[in-house]
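Have a look at the structure below before the remarks.
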Amino acid sequence: MTRPFLTLVTLVGIVLCPIASADFPASPPLYYDLPLTPPDAARANIFLPKEAKTVHVPPAALEKAARFEARDDHGGVVASGAATGTVDLGILGVGWYRIDFFDGAGAALGWTTAAILPHLPKHSHEDSAVAVDVALSWTPPDNDRDRARMTEIAARTGVRWVRDRLRWREIETAPGEYAPPTKYDRMARLQHDSGMDVLQVFHDMPKWIRPQSEPGQDRALPDLRAVHALSRALAKRFHGSVQAWEPWNEANCGSFGAWPPHLMCAWQKAAWLGFKQGDAKIPVSWMPIAGINTPSLARSVVRNETWPYFDSYSIHSYDWNTGYAGLWQHARDAASGRPIWVTESDRGIHTAKEAEGGELEPQPALLKAQFIAQSYADSLAAGAARHFHFILGQYMETTVQFGLLRQDMTPRPGYVALAALARALQGTRCIGSISPKETPGVRIVAFRGGKHDLLVKWIENSGEWETRGRMRAAMPCFDGVPAGRCTDYFGRAVNAPAELTGAPVFEVLPAGACGRLPLVPVPKGEWREGRPCPVVLQADLPKAEVRLFKPEWTEEYDYVLVPGSETALTVWVYNFSRRTVHGDIHEFDLPGGWTINLLSGPVTVAPGERARMDFTLKTTDFPREPAAEFWPKLHGDFGAGGKPVAAFRVRMLKPDGEAQ
């Protein structure tokens, strides 16, 4: 269909100006004593419209507090009065507030925070793309009472999906022996019963699974039968309380495995087959990569023909939202047409070393809240089907702050921004975006719901935190597109603003109105056909050096071989079918001049067992093209068991001792 002629009007040049300086008293943060407060969200100062909005004076200020002042996000006093143990915020509307307490002489005693959220929508049959990593079983609080409070706080955001973690060793306590119900069972059920679906992940191995290589011996690999058995057991155990699984987390980095990517693919296949044996309908996502899906990491997923073994493709992203579309191009290819889930994402902010509780100054905290809406909108415009912010509760890595809640679960501004976003995007899907060339930094992301369209608009640069929040531009208008009803990034109803800032504006339009906009479509990866094979190959060069490489700050571990050398190649053949299989690995895709010699013949593998095949791999002299990649690929044929493959990357050692 021919699009109607579009004219962009009133979009003028960018104005640079500093972000307004909010005026908050200089005083320390105050915290509630969690064991002494009732286990409900209202006692974390997070309120819904019809609730009594009573804030208790924190214990450290209780004896001296005589007066309070409630400030909005601009630092303006919106309520004040006597502080007699409690404070009533009933006159205030939707938003985030800081409540400061003063003694009788007017000296500042400290502050807490509060949030008044819009009405909680009822989830329709349509999924929401807005999710959050709660890590309920992983980070504090560490008791069921406060975990229940955290669950209610998560549910009040309006998200449909949450992410949690479990420890393998606490579920399977000895080979084949499983613990009685644990906190992981209780928390999964609690979160699901609270109206949220649970994505669960694990990334540890018990000592009796973890391979231990002796000095001078060949490198040992984890036995994939163990992860297959665990996955099958988890699917059965958590049926109905966990709605999707990731079978590991960031195995490419040293913290969680330091695995060459082809071993990640073999693990993924074994886990997927195990989960599906336990529950044929449970969705299993790809194990997310730490950092960027670099070309080589994504290429390994494709060359190992891994796409039949995931129902969605998980990625993590800690980059600025302005780069999502470009940085994720290789992930979209690896996803092979399956939905992309961003299961961790944020841009942490450094706090001052002396900052109590890791608290940010007001302006960085507000910039973080603005980033929440920007990151979700740009993520969905870049092709994500679901986006999980990392992380809900208080969490720091050294001085870098990530959490949307303070240490006593009271809200930071980012929490309110997440709740507003979840409500605004409920029941919608992203249909495209606009980045006008005339005004760099302007972003307009369009969504379509069942009965309305929605635009999310802002302007921001791609710099670091200290440079953000300074840009201004006139609000763009388009011929034939009517003005809609607007809310701000905290969910407050506002008049249509005359200019764009870094604070996103949500504009609700009549259904179909966005069809008149010059939208860039949401990018999609090409669909690859394929069926899973119950025979899995786990290949290794057990005597070769595995070396760390860091392209684009992403950790990759690869084999390094000397040109013109010969090394052992071991392949474990796993049979996860219910029938005995017999077959061989007889076809090889090799770099020019390389050879593989078979040292052992065909193998017969009983159900649930594995067999070893040994080869030698011989390389040629150092290539003339030192940037070339070397990807040996092995093809197996096991009759009714299918034709499994395994492909791995080799880097060649240069004469100076550096790898290519």
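Where does the chain land at 222 nm, in deg cm²/dmol rounded to the nearest 500, when only DSSP H runs of n ≥ 4 count, each adding -39500 (n - 2.57), divided by all residues?
On the way: 11 runs with 117 residues, N = 660.
Mean residue ellipticity, 222 nm, calculated: -5500 deg cm²/dmol.
Through the Karplus equation 6.51 cos²θ - 1.76 cosθ + 1.60, θ set to phi - 60°, convert the phi angles of region 430-447 into ³J(HN,Hα) values in whole Hz; use x for Gly and Pro.
Once rounded to whole Hz, the list reads 6, 10, x, 8, 9, 10, x, 5, 5, 9, x, x, 6, 10, 10, 10, 9, 10.
Where the convex hull is taken over the Cα atoms of region 107-221, what is its projected area averaged over directions, in nm²?
Numbers: hull surface 53.3 nm².
Projected area, direction-averaged: 13.3 nm².
Compute the relative contact order of region 34-116 as a whole-number percentage, counting only Cα pairs closer than 8 Å that sit 6 or more residues apart in sequence. Provide the component values of the computation, followed by the final result.
Details: 159 pairs, mean separation 26.1, N = 83.
That works out to 31 percent.
Using only the Cα atoms of region 34-116, build the gyration tensor, take square roots of its eigenvalues as a ≥ b ≥ c, and label the shape rounded, prolate or oblate: rounded if a/c is under 1.5, else prolate if a/b is larger than b/c, else oblate.
In terms of gyration-tensor shape, oblate.
Please get the size of the charge dipole for the chain, origin at its Cα centre, with Cβ charges of +1 on Lys and Arg and -1 on Asp and Glu, quoted in debye to the nearest 20.
Values: 71 positive and 74 negative charges, 339 e Å.
Here the chain has a charge dipole of around 1620 debye.
By how many nm would the segment from ALA640 to GLU397 lengthen if fully extended, with 0.36 nm per residue of separation less the alpha-carbon distance? It would help to have the intermediate numbers written out before the result.
On the way: separation 243, 0.36 × 243 = 87.48 nm, distance 4.97 nm.
Taking ALA640 through GLU397 to full extension adds about 82.5 nm, to one decimal.
How would you rank 532-538, 559-565, highest first, on the average number of other Cβ atoms within 10 Å across their residues?
Working: 532-538: 22.9, 559-565: 16.7.
My ranking of the peptides, most packed first, is 532-538, 559-565.
Identify, among SER565, PRO497, VAL581, the residue whose Cα sits farthest towards the positive end of the charge dipole of region 492-594, taking +1 on the Cβ of Lys and Arg and -1 on the Cβ of Asp and Glu, with the dipole about the Cα centre.
PRO497
Compute the signed sum of charges (Lys and Arg +1, Asp and Glu -1) over the other residues within less than 14 Å, Cβ to Cβ, of PHE256.
Values: positive: ARG165, ARG167, ARG210; negative: ASP204, GLU246, GLU250, GLU344, GLU555, GLU556.
Residues near PHE256 contribute -3 overall.
Counting DSSP beta bridges in the chain, what percent are antiparallel, to the nearest 5?
On the way: 96 of 128 bridges.
The antiparallel proportion sits near 75 percent.
Just to confirm my numbers, what's the Cα centroid distance between region 556-630 and region 405-476 in Å?
Distance between centres, Cα-based: 49 Å.
Once you wrap a convex hull around the alpha carbon atoms of region 130-428, what is its projected area averaged over all directions, in nm²?
On the way: hull surface 64.3 nm².
Projected over every direction and averaged, the Cα hull of region 130-428 covers 16.1 nm².
Excluding PHE506 itself, what net charge comes from residues whose Cβ is under 12 Å from its Cβ, given Lys and Arg +1 and Asp and Glu -1? Mind showing how you got there, number by number?
Working: positive: ARG423, LYS457, ARG485, ARG492; negative: ASP453, ASP488, GLU507.
In short, +1.
What three numbers, in Å, describe the spread of the alpha carbons of region 224-271 along their principal axes, ordered from the longest?
Here the spans come out as 33, 19, 13 Å, largest first.
Please report the relative contact order for the chain, taking Cα pairs under 8 Å with a sequence separation of at least 6, and give it as a percent rounded to a whole number.
Values: 1554 pairs, mean separation 86.9, N = 660.
Once normalised by length, the contact order is 13 percent.
Based on the Cβ-Cβ distance from ASP614 to ARG547, what FRET efficiency comes out when R0 is 22 Å, to the nearest 0.05?
0.40
Using a simple spin-label model with points 7 Å from Cα along the Cα→Cβ vector, what separation in nm is obtained for GLN212 and VAL494?
6.0
Need the list of lysines near LYS524 for cross-linking: C-alpha distance under 16 angstrom, and skip anything on the same chain fewer than eight residues off.
none
May I ask you to derive the FRET efficiency for ASP656 and TRP594 from their Cβ-Cβ distance with R0 = 25 Å, giving the value to the nearest 0.05? All intermediate terms of the calculation are to be shown ahead of the outcome.
Numbers: r = 23 Å, r/R0 = 0.90.
After rounding to 0.05, the efficiency reads 0.65.
Indicate the gyration tensor shape class of region 519-581 (rounded, prolate or oblate), computed on the Cα atoms with a ≥ b ≥ c the square roots of the eigenvalues: a/c under 1.5 is rounded; otherwise a/b larger than b/c is prolate and the rest oblate.
Numbers: a/c = 3.10, a/b = 1.12, b/c = 2.76.
Because a/c hits 1.5 or more and a/b fails to exceed b/c, region 519-581 counts as oblate.
Only residues of region 380-413 count here: report those whose backbone N is under 12 Å from the spot 7 Å along Cα→Cβ of TYR318, or say none.
390-391, 396-402, by backbone N distance to the label point.
Normalised by the residues of region 130-428, what does the relative contact order come to in percent, with Cα pairs under 8 Å and at least six apart? Intermediate values should be presented prior to the final figure.
Numbers: 558 pairs, mean separation 55.1, N = 299.
Once normalised by length, the contact order is 18 percent.
Once you compute Rg and the Kirkwood Rh from C-alpha atoms, what is the Rg to Rh ratio for region 477-523? It would help to have the intermediate numbers written out before the result.
Working: Rg = 11.8 Å, Rh = 12.1 Å.
Here the Rg-to-Rh quotient is 0.98.
Round to the nearest 10 and give me the degree value, 0 to 90, for the angle of helix 144-156's Cα axis relative to the longest principal axis of the chain.
70
Using the per-residue mean of other Cβ atoms lying within 10 Å as a proxy for protection, in what order, highest first, do the peptides 591-601, 88-98 fall?
Values: 591-601: 12.1, 88-98: 18.0.
Most protected by this proxy first, the peptides run 88-98, 591-601.
Starting from the 7 Å offset along Cα-to-Cβ, what nm value, one decimal, do you get for the label separation of GLU587 and ALA26?
7.4
I need the per residue convex hull volume for region 535-652, using only the alpha carbons, in cubic angstrom as a whole number. Walk me through the numbers on the way to the answer.
Numbers: hull volume 12.5 nm³, N = 118.
So the per-residue Cα hull volume is 106 Å³.
Going highest first, how would you order 389-397, 23-31, 487-495 by mean Cβ packing within 10 Å?
Put in order of decreasing packing, that is 389-397, 487-495, 23-31.
ALA235: net charge of surrounding residues, Cβ under 14 Å, Lys/Arg +1, Asp/Glu -1, itself excluded?
Numbers: positive: ARG232, LYS236, ARG237, LYS276, LYS281; negative: GLU172, ASP185, GLU246, ASP279, ASP311.
Net of charged neighbours comes to 0.
Coordinate-derived values only; no laboratory data. None of these values were measured; they are calculated from a predicted model. Cβ sites come from the backbone with ideal geometry, for glycine too, and all protein chains shown count toward neighbours.
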